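K.L.:
Here it is: the structure, laid out below.
The values are calculated or read from the model by the stated rules, or taken from the named source; none is laboratory data. In this text, all values refer to a predicted model and were calculated from it rather than measured experimentally. Counting neighbours? That spans all protein chains shown, and the Cβs are built from the backbone with ideal geometry, glycine included.
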Amino acid sequence: MQVPKSQIQAFVKSELEKIKFTITPDKNKVAALDYIITALTGKIYQLYLRYINLDSKRKIKILKQDLG
(Lines give C-alpha, C1' and ligand atoms only; values in the text may rest on other atoms or scores of the structure.)
Protein backbone atom coordinates (compact mmCIF):
# COMPACT_ATOMS: atom_id res chain seq x y z
CA MET A 1 0.00 0.00 0.00
CA GLN A 2 1.40 3.36 -1.05
CA VAL A 3 0.77 6.41 1.14
CA PRO A 4 -0.01 9.57 -0.87
CA LYS A 5 2.71 12.23 -0.94
CA SER A 6 0.37 14.78 0.66
CA GLN A 7 -0.10 12.55 3.72
CA ILE A 8 3.64 12.12 4.13
CA GLN A 9 4.21 15.88 3.85
CA ALA A 10 1.45 16.58 6.37
CA PHE A 11 3.00 14.09 8.82
CA VAL A 12 6.49 15.59 8.50
CA LYS A 13 5.12 19.12 8.94
CA SER A 14 3.08 18.17 12.01
CA GLU A 15 6.06 16.46 13.66
CA LEU A 16 8.28 19.50 13.07
CA GLU A 17 5.59 21.85 14.36
CA LYS A 18 5.34 19.78 17.56
CA ILE A 19 8.92 20.72 18.37
CA LYS A 20 8.25 24.38 17.55
CA PHE A 21 10.14 24.55 14.25
CA THR A 22 8.94 27.00 11.63
CA ILE A 23 8.18 25.33 8.30
CA THR A 24 8.12 27.42 5.12
CA PRO A 25 7.46 25.99 1.65
CA ASP A 26 10.20 26.87 -0.82
CA LYS A 27 8.77 29.82 -2.75
CA ASN A 28 11.78 30.10 -5.10
CA LYS A 29 11.24 26.54 -6.34
CA VAL A 30 14.90 25.58 -6.09
CA ALA A 31 15.40 22.18 -7.73
CA ALA A 32 14.27 19.41 -5.36
CA LEU A 33 13.99 21.72 -2.31
CA ASP A 34 10.59 21.35 -0.67
CA TYR A 35 10.76 23.17 2.66
CA ILE A 36 12.93 25.55 4.63
CA ILE A 37 12.96 24.71 8.34
CA THR A 38 13.90 27.27 11.00
CA ALA A 39 14.77 26.07 14.51
CA LEU A 40 14.14 28.06 17.68
CA THR A 41 17.85 28.91 17.71
CA GLY A 42 17.48 30.60 14.32
CA LYS A 43 19.43 27.92 12.48
CA ILE A 44 18.01 27.21 9.02
CA TYR A 45 17.75 23.76 7.42
CA GLN A 46 16.70 22.74 3.94
CA LEU A 47 14.39 19.75 3.65
CA TYR A 48 14.32 17.68 0.47
CA LEU A 49 11.62 15.02 0.15
CA ARG A 50 12.14 12.15 -2.24
CA TYR A 51 9.90 9.15 -2.87
CA ILE A 52 11.65 5.80 -2.65
CA ASN A 53 9.87 2.56 -3.47
CA LEU A 54 11.30 0.16 -0.91
CA ASP A 55 9.42 -2.76 -2.44
CA SER A 56 11.66 -2.65 -5.50
CA LYS A 57 14.77 -0.94 -4.11
CA ARG A 58 16.54 -2.23 -1.04
CA LYS A 59 19.70 -0.20 -1.50
CA ILE A 60 19.71 3.45 -2.47
CA LYS A 61 22.32 6.13 -2.93
CA ILE A 62 21.37 9.78 -3.13
CA LEU A 63 24.07 11.85 -4.76
CA LYS A 64 24.63 15.44 -3.68
CA GLN A 65 24.09 16.63 -7.26
CA ASP A 66 20.60 15.07 -7.17
CA LEU A 67 19.66 17.52 -4.42
CA GLY A 68 20.12 20.60 -6.59
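K.L.:
Which residues, counting only those in the stretch 7-51, are among the small types (Gly, Ala, Ser) and at pLDDT below 80? Give the derivation first.
P.N.:
First pass over the stretch 7-51, keeping only residues among the small types (Gly, Ala, Ser): 10, 14, 31-32, 39, 42.
Of everything in the stretch 7-51, those that are among the small types (Gly, Ala, Ser) and at pLDDT below 80 turn out to be Ala31, Ala32.
K.L.:
If I ask for residues that are without any contact (Cβ under 8 Å) to a residue 24 or more places away in the chain, surrounded by 10 or more Cβ atoms within 10 Å (Cβ to Cβ) and charged (D, E, K, R), which ones from the stretch 2-21 would you list?
P.N.:
Of everything in the stretch 2-21, those that are without any contact (Cβ under 8 Å) to a residue 24 or more places away in the chain, surrounded by 10 or more Cβ atoms within 10 Å (Cβ to Cβ) and charged (D, E, K, R) turn out to be Lys13, Glu15, Glu17.
K.L.:
Which pairs have Cβ atoms under 7 Å, sit 6 or more apart or on different chains, and link a residue in the stretch 40-59 that is surrounded by 10 or more Cβ atoms within 10 Å (Cβ to Cβ) to one that is among the charged types (D, E, K, R)?
P.N.:
Every condition considered, the pairs that remain are Leu47/Asp34; Tyr48/Asp34; Leu49/Asp34.
K.L.:
More than 13 Å from the chain's Cα centre (by Cα), in a loop (DSSP other than H, G, I, E, B) and modelled with pLDDT under 75: is that true of Leu54 in this structure?
P.N.:
Details: more than 13 Å from the chain's Cα centre (by Cα): yes; in a loop (DSSP other than H, G, I, E, B): yes; modelled with pLDDT under 75: yes.
Criteria met by Leu54.
K.L.:
Are any residues in the stretch 45-67 closer than 18 Å to Pro4 by Cα and hydroxyl-bearing (Ser, Thr, Tyr), and if so, which ones?
P.N.:
Once the filter is applied, which keeps residues that are closer than 18 Å to Pro4 by Cα and hydroxyl-bearing (Ser, Thr, Tyr), the stretch 45-67 yields Tyr48, Tyr51, Ser56.
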